[in-house]
Amino acid sequence: MAARKPAKALEDQAQVRALVEAARRDPARFADLYETHFELVYGYVARRTRHRDIAEELTAEVFHKALANLGSFEWRGAPFASWLIRIASNAVADRLKRDAREISGMKNPPEPSANPDMETVEHRARLFRLVDDLPADQRLVIVERFVEQKSIREIAQQLGRSEGAVKQLQFRALQNLRAQMEGEHA
C-alpha cells in the first residue's frame, strides 16, 4: 500500500508550485520563494561552511542562480526545495575547491589530467585532516588566516584577543601541523 502524504505537505507543495509559477511570470514575485526557502538554504550552507560570511555569500549566490534559471526548472516529483539544495550543494563544492586551490598557493591550477599526481592529492588530504584535528582556536586562526586571508589584526578583533595572542596561536598551529606531518613521515 502506497504511503500517503499528509494533507499539510500536499497543501505546501501546491503553494510552492503557485509561487514558482507566479515568479516565472513576474520575477519580482521570486521574493516569496526566497522568504519561504531562505532558512532551509542558509541552514544547509551554514552547516557545511561553518562561516557566517561565506554562508551568507553562498546563500545569495544560490538564490541568484535559482532566479536566473527558474525558467528551466521542471517539476519531476521532487520538491522545489530539493532543486535549491542541489544548487546550494554545487555552490558549496565549488567554493571548497576554490579555497583548496588558494590554500595550496595555486592561483591558476593546471587542468586536471587523467593521471593526477596521487602523492600531491594525498598530501593535501592529509593536511586538511590535520587542520581539522587542531584545537578549535588554532584551527580557527589557520582557516581565517590562510583560507579567508584575514590579517592578524582582523582575527584578533574577531576573537577579542590581542594580536600577540593570535600570532602565538598561529605559531603553535603551524608547529603542530609541521610536527604531525614529520611524525607521519618518520
*Across segment 78-102, what is the number of residues that are in contact with a Lys or Arg (Cβ under 6 Å, 6 or more places away or on another chain) and either within 13 Å of THR49 (Cβ to Cβ) or of a type in the set (Asp, Glu) (or both)?*
1
*Would segment 30-39 turn up any residue that is charged (D, E, K, R) and either in contact (Cβ under 8 Å) with a residue 40 or more places away in the chain or surrounded by 12 or more Cβ atoms within 10 Å (Cβ to Cβ) (or both)?*
yes
_Can you report the number of residues in segment 138-186 which are surrounded by 12 or more Cβ atoms within 10 Å (Cβ to Cβ), of a type in the set (A, V, I, L, M) and not in a helix (DSSP H, G or I)?_
0
*Output the residues belonging to segment 48-71 that are modelled with pLDDT under 90 and of a type in the set (Ser, Thr, Tyr).*
THR49
*Pick from ALA23, ALA81: which is surrounded by 14 or more Cβ atoms within 10 Å (Cβ to Cβ) and modelled with pLDDT under 90?*
ALA81
*Find the residue count for segment 139-186, including only residues that are in contact (Cβ under 8 Å) with a residue 12 or more places away in the chain and under 23 Å from GLU57 (Cα atoms).*
15
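The values are calculated or read from the model by the stated rules, or taken from the named source; none is laboratory data. As the structure is a computational prediction, the values presented were derived from the model and not from experiment. Every residue, glycine as well, gets a Cβ built from its backbone with ideal geometry; the counts of neighbours run over all protein chains shown.
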